[in-house]
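See below for the structure under consideration.
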Amino acid sequence: MGQFAGTIEIDVERCIKCGKCVQVCPSEIMVRDPQTREIHLQQVEHCIGCGHCVDVCPTDSVIHSSFPPETVHAIDYAQMPTPEQVMLLLKSRRSNRTITSRPVPGEWLEQIVEAARCAPTASNSRQVGFTLITDPEQLRQIGEYTVEVFDGLRRVFDNRVAKALCGAWLPGLYRYIPTFRRLRRAQSAGKDPILRRATALLVIHTPKSNRFGCEDANLAYQNASLMAQSLGVSQVYMGFIISAIKQDRKGRLVQLLGVDGKPQAIMALGIPAFRYPKYVDR
């Protein structure tokens, strides 16, 4: 993350010297004079643009070039969901694979992506990208090629020597051979064992150089998943595609996904045939 090139000022006429900005700034840019209690700035170039100082100030005294007034919004805590409502949302979330052919409304997809964008990132790097795929032909190719990648692994493991080595040294991988066979049979029968006929894929990706790309992307995924659940949209983690990408030396899957960077998490989205009326303790 490069040095901050914007500006930060303290409006001394409005400032009530409460020191909240000092307490929340992760880069320790805000400091308070122990005698006068006035707020001063130091090493502004270290600002990571998190906005904590702007959000916490009760008198709008922090003037930050990255956050003009139209981007700052008051919080009405009375509108917050209750803890019981949040817990119900969490416990009722399921990977509902009964996906219908009805497309997810565009405004719902936008809400899901916006929820993902709101997730925190390490050092506020904001280096997480989002690609939505809704083209049926592109979705079909992604599902088919994923099965092809695993079927290629299956053929390798079916070799007698490879089977003996994998069974002894890679038991965790070898136990998936029956699954790879099942995927191929389902694909050959005209089913969609990977995407489950999802009408949209949300690919969450980061630059390859991002040290915390996986962590950042999966925080975003969780936000998107819960928003989808609240909208009544099926959301299924595409672990098979992520695993296939790691095995695909040709990089064909990344090309099919059409992303610039490293896919870190992928979510299949669709309208379910029904919703679960209950949840079990887990």
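Just so it is clear, none of the values below were taken in a lab; they were calculated from the coordinates. This structure is a prediction, so every number in the text was calculated from the model and none was measured. Reconstructed Cβ throughout: ideal geometry from the backbone, glycine too, with neighbour counts over all protein chains shown.
A few comments on the model shown:
- Using the Cβ-Cβ distance between Val72 and Ala189 with R0 = 41 Å, the FRET efficiency computed as 1/(1 + (r/R0)^6) comes to roughly 0.15.
- Label-point gap, in nm, between Lys246 and Gln85 - each point 7 angstrom along Cα→Cβ: 3.9 nm
- Amide H partners (placed H, <5 Å) of Ala265, local residues excluded: Ile204
- Gain upon complete extension [Arg94, Glu38; 0.36 nm per residue less C-alpha separation]: 15.0 nm
- The chain: angle of helix 106-117 to the longest principal axis, Cα-based, in degrees nearest 10: 60 degrees
- Here the label points at Ser123 and Asp158, each 7 Å from Cα along the C-beta direction, are separated by 4.8 nm in the simple model.
- Taking the Cα centre of the chain as reference, the dipole from Cβ charges on Lys and Arg (+1) and Asp and Glu (-1) amounts to some 2400 debye.
- From phi via Karplus (6.51, -1.76, 1.60), per-residue ³J(HN,Hα) for region 59-69 in Hz, x at Gly/Pro: 10, 6, 8, 8, 9, 10, 5, 7, 9, x, x
- Which listed pairs, of Lys191/Lys262; Lys208/Lys250; Lys191/Lys278, have C-alpha distances above 20 Å, in listed order: Lys191/Lys262; Lys191/Lys278
- Spatially, region 204-239 and region 1-79 are offset by 30 Å when compared through their Cα centroids.
- Shape call, region 8-71: gyration tensor on alpha carbons, a/c limit 1.5: oblate
- Ranked by the mean number of other Cβ atoms within 10 Å of their residues, highest first, the peptides 175-185, 123-133, 234-244 come out as 234-244, 123-133, 175-185.
- In region 1-135, the inverse of the mean reciprocal separation of distinct Cα atoms equals 18.4 Å; this is its Kirkwood hydrodynamic radius.
- Listed values [x] 71, 64, 31; [y] 79, 43, 36; [z] 87, 39, 37, entry calculated as Cα extents along the principal axes in Å: [y]
- Dipole of the chain, positive direction: furthest Cα of Gln222, Pro83, Gln3, with charges on the beta-carbon: Gln222
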